[in-house]
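Take a look at the structure set out below.
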Number of protein chains: 2
Amino acid sequence: MMPDDLDAVFSALAHRDRRRILDLVRNNPGCRVEDLGPHFATSRVAILKHLKVLTKAELIVSEKVGRERLLYFNIMPIQIIYDRWATEFSALWAGPIAQIKYRVEAEAKAKAEAKPRRKRDG
Amino acid sequence: MMPDDLDAVFSALAHRDRRRILDLVRNNPGCRVEDLGPHFATSRVAILKHLKVLTKAELIVSEKVGRERLLYFNIMPIQIIYDRWATEFSALWAGPIAQIKYRVEAEAKAKAEAKPRRKRDG
DNA sequence: GCATCATGTAACCAAAAGGTTACATTTTTC
DNA sequence: GAAAAATGTAACCTTTTGGTTACATGATGC
């Protein structure tokens, strides 16, 4: 997954209604576009736009069956991020107490070395 | 964490430079705003704007020391999402084989029950 | 105390985002 | 075959986003 793809996934998740769409599709695999309508206060076309964003981020895959479009949730983008977070941050979230200790150490270290750096101005 | 906060966090993560800022701050706790400049092709003020977004999402906390501002990474928002994902999706990502099996079952189930729903139009 | 440094705000602009109504197309139903 | 259903596109508009340059302010160094 390329950085641009990460942008797309996080961006897709950055809207409440889109997260709710994902929940609905995940809990109702194969549901249709029109099944989503009653759950939202916005227009059908707004929902179509949200679906387009989710599809581009690969969080939703769909198939056209006659005049209907069946929607499915795709866990892969989220799993990729989840796994990447596990790799990068697992040392940071050992637990509440360990975490506070780490934070304090980080701040002490910062004060000890927060000095000479290269300078540049925009 | 409220849904609006989730919007803010995902939105903050939805920009490549902002993720890179987070990496830099995480690996250099207590670094200053100007330390970030050399790593990016955009202007200093653009970076300040990114920092404002990250701060609002609580992914970065900072303290003013004299004329400098020291930056620290805050793992909490990401940990909250991570834990929530673990709760909601752990059944979905048991493994590649199990996942494919689940997907097939989901699609078969969808075809069997993808029928009567309420209708509404925008 | 003055010049420099580090950060921050203001103003501007183009592009993107998020919504709307109107129109179009294909498939299904009767 | 005509009407209804389901989806999709186009056009429009307001707001937000992401960038820029210019200006401002307080702290630091000499």
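The values are calculated or read from the model by the stated rules, or taken from the named source; none is laboratory data. Model, not experiment: these values are computed from the prediction. Neighbour counts are summed over all protein chains in view; Cβ atoms, including those assigned to glycine, are modelled from backbone coordinates with ideal geometry.
For the residues A:Leu51, A:Leu71, the requirement of being over 22 Å from B:Val9 (Cβ atoms) and part of a strand (DSSP E or B) singles out A:Leu71.
Checking B:Ala8, B:Ala46 one by one, the residue that is outside the structural domain of B:Trp93 (by TED's automatic domain parsing), over 24 Å from A:Glu88 (Cα atoms) and among the aliphatic types (A, V, I, L, M) is B:Ala46 and no other. Picking from residues in region A:7-18 that are in a helix (DSSP H, G or I) and at the interface with chain B (Cβ under 7 Å from one of its Cβ atoms), the one that is farthest from A:Leu51 (Cα to Cα) is A:Asp7. If only residues of region B:51-68 that are within 14 Å of the chain's Cα centre (by Cα) and near DNA strand D (Cβ under 10 Å from one of its atoms) are counted, the one that is farthest from B:Arg18 (Cα to Cα) is B:Lys56.
Of everything in region B:31-46, what is β-branched (Val, Ile, Thr) and within 9 Å of DNA strand C (Cβ to nearest atom)? Give them in sequence order. Across region B:31-46, the qualifying residues are B:Val33, B:Val45. Within region B:19-44, count every residue that is within 12 Å of DNA strand D (Cβ to nearest atom) and outside any helix (DSSP H, G or I). Here the count works out to 5. Residue check: A:Asp83 meets all listed conditions (1) away from DNA strand C (no atom under 15 Å from the Cβ); (2) loosely packed, with under 15 Cβ neighbours inside 10 Å; (3) at the interface with chain B (Cβ under 7 Å from one of its Cβ atoms) but one, namely (3).
Residue under question is B:Arg69, and the condition is that it be at the interface with chain A (Cβ under 7 Å from one of its Cβ atoms) and at pLDDT 95 or above; does it hold?
Numbers: at the interface with chain A (Cβ under 7 Å from one of its Cβ atoms): no; at pLDDT 95 or above: yes.
Judged against the criteria, B:Arg69 is not a match.
From the set of residues in region A:19-55 that are farther than 23 Å from A:Val65 by Cα and more than 8 Å from chain B (Cβ to nearest Cβ), which is surrounded by the most Cβ atoms within 10 Å (Cβ to Cβ)? Top of the filtered list is A:Phe40.
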